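Notes follow once the structure below has been shown.
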Amino acid sequence: MKRLSLIIVAVMALITSCATLTPEQKAAKEAQKVIEARQDSINHLLAVKALNDMDFVLEADRLIFKRGRPAYVSSVTNFISSVNGTTTVQVAPFNAGGPNGVGGVTVEGKASNIKKSQEKNGSYTLSMSVIGNGISAVITITVTPGTDRATAVVTPNFSSNRVTLEGTLYPSASSNVYKGRSF
């Protein structure tokens, strides 16, 4: 019993000695936090500007389907973009095949009825109707306060097959997506 107590005390002493940081290490850690917070603020401002200019790409790394089932996907092939007046929605949860050639569906349309708002907590929301070949939906994009992370809810007008895309919102010039064949 004494041996077990001695081992426990030795392990606890080892853990507490490893957990203490020198003042230089604490200062470096705080400086890193400040730098990351500033970079997040800059990324948030760039994302909001891209939404305002309607020149953005939301690269989704997670899809949430109608009944809440999530799927982690490649952000290169799952996105919502608005460039030069054309809005593109590409959802490719599969590895190969599909009508677009990259494992899913790609649809394009023109945005109308665009509404923008900023909440008190700092989140920014853009809502638009998109109508085109293969799409008639309302898309609502919300940028999380202080970051460039965004959530887009695509609600079709003629069915209840809603899909949510979560990812990072970039200006279109900074994005790196692969667009499949659209309808």
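The values are calculated or read from the model by the stated rules, or taken from the named source; none is laboratory data. Note that the coordinates shown come from a computational prediction; the quantities given were computed from them, not determined experimentally. Glycine gets a Cβ as well: all are built from the backbone with ideal geometry, and neighbour counts include every protein chain shown. Remember, those area values only see protein heavy atoms, side chains included, never the ligands or the DNA or RNA. Shrake-Rupley method; radii C 1.70, N 1.55, O 1.52, S 1.80 Å.
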- Query: Given (i) -0.38, -0.74, -1.07; (ii) -0.50, -0.76, -1.03; (iii) -0.55, -0.85, -1.08 as candidate values of log10 I(q)/I(0) by the Debye sum over Cα atoms at q = 0.10, 0.14, 0.17 Å⁻¹, which corresponds to the one derived from the coordinates?
  - Reply: (ii)
- Message: Net charge around PRO145, counting only other residues with Cβ within less than 14 Å of its Cβ (Lys, Arg = +1; Asp, Glu = -1)?
- Response: -1
- Flagged as over-length at 22 Å C-alpha distance, from LYS49/LYS120; LYS110/LYS179; LYS49/LYS110; LYS49/LYS116; LYS116/LYS179, the pairs are LYS116/LYS179
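With every protein chain present, what is the per residue accessible area of the chain (1.4 Å probe, Å²)?
60 Å²
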- Once the Cα atoms of helix 2-19 and of the chain are each reduced to a long axis, what angle between those two axes, in degrees from 0 to 90 to the nearest 10, is obtained? 60 degrees
- Note on the structure: Sorted on mean Cβ neighbours within 10 Å (highest first), peptides 25-36, 170-181 come out as 170-181, 25-36
- Task: Taking the chain as the reference, fit the longest principal axis to its C-alpha atoms, fit the long axis of helix 23-52 to the helix C-alpha atoms, and give the angle between the two in degrees, 0 to 90, nearest 10.
- Result: 10 degrees
- Note on the structure: In whole percent, the fraction of accessible protein surface over the chain that belongs to carbon or sulfur atoms, probe radius 1.4 Å, stands at 58 percent
